[in-house]
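Encoded as structure tokens, the structure appears first; notes follow it.
Computed from the coordinates by the stated procedures, all read-outs in this text should not be read as laboratory data. Because the structure is predicted, anything quoted here is derived from the model rather than measured. All Cβ positions, even for glycine, are placed from backbone atoms using ideal geometry, and neighbour counts span all protein chains on display.
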Amino acid sequence: MPVVELHVLGVGVRQVEINWVFNGGYAGRDQAQVQHHVDELAELGVPAPSRVPSLYPLSNLLVSQGNSVQAPHQRTSGEAEWAVIIADDPSEVYVVAACDHTDRALETHGVAWSKQSAPDFLGTVAWRWADVEDQFDDFTLKAWVTNEGVEQLIQDGSPAQLLSPAYWLDALRRADLARPGTMLMSGTIPMIDGIDQFADGWRVELADSHGNVSRTAYSVQQLAPAWD
């Protein structure tokens with residue numbers, strides 16, 4: 001099982017074995033806006049989910065605190081997110097910056113498949129959820145892409161745009177899925193128009209109002225063509 005190392009603010013370094021991984025999808029807090037987005041994606045050939053918000057189980061082998069991903073083609077990209085992690089002691093829950101790398105070409109055949117084919121990147125700085133629950137909507141959530149050495153802001157928002165960790169933790173508990181070692185990714189915020197998401201690198205930052213920042217950054221390396 002993968003083990004992540006988290007520098008939990010005010011607590012210290014904690015290692016958590018990740019046993020179960022879930023990705024939230026279509027997880028905007030304004031569900032009317034989400035449905036509009038679903039309709040737009042359907043026109044582009046992306047299958048509509050059977051329910052929103054959606055929940056996609058992933059292999060825990062996809063969890064990474066690394067600095068690179070090897071992609072099979074050029075149409076893959078990240079998404080600025082937060083992740084919530086339940087520690088060995090279920091009363092200890094942490095929240096950390098995350099980036100959900102996704103195969104956009106495969107997405108037209110199935111969103112779950114696209115999520116299950118690329119890694120979920122995590123930062124190393126984290127907060128105890130109990131310490132920041134009342135402040136979390138005031139955090140910022142941002143992402144930058146790097147293309148040909150030039151970095152550009154591609155996502156700029158806050159967790160207030162998404163369903164909260166409290167929502168997801170409650171949903172997981174009702175489904176008997178809130179087990180030690182469970183990690184859930186939040187879904188993402190809108191991208192800025194006109195910025196190329198199929199980039200050479202991604203950087204995501206989740207920051208509180210006191211200057212504390214959780215960050216994950218990685219490069220995207222394209223694999224050689226298959227000999228088939």
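Spin-label model, Glu151 to Leu61: label points 7 Å out along the Cα-to-beta-carbon direction sit 3.3 nm apart.
Taking only the alpha carbons of the chain, we obtain Rg and Dmax values of 16.7, 54 Å in that order. The mean sequence separation of alpha-carbon pairs under 8 Å and at least six residues apart, normalised by the residue count of the chain, gives a relative contact order of 27 percent. Rounded to the nearest 10 degrees, the angle from helix 31-43 to the longest Cα principal axis of the chain is 20 degrees.
Under the classification rounded if a/c is under 1.5, otherwise prolate if a/b is larger than b/c and oblate if not, where does segment 108-220 fall, given a ≥ b ≥ c as square roots of the Cα gyration tensor eigenvalues? Judged from the Cα gyration tensor, segment 108-220 comes out oblate (a/c at least 1.5, b/c at or above a/b).
At full extension, Asp170 and Val213 could sit 12.9 nm farther apart than now, given 0.36 nm per residue minus the alpha carbon distance. The helix-only estimate of mean residue ellipticity at 222 nm for the chain, built from DSSP H runs of length n ≥ 4 each weighted as -39500 (n - 2.57), is -4000 deg cm²/dmol after division by the residue total. Neighbours of Gly181 by Cβ distance under 9 Å: Lys/Arg scored +1, Asp/Glu scored -1, total -1. Treating the angle as unsigned and between 0 and 90°, give the value, to the nearest 10°, between the Cα long axis of helix 165-174 and the longest Cα principal axis of the chain. With both axes taken from Cα atoms, the answer is about 80 degrees.
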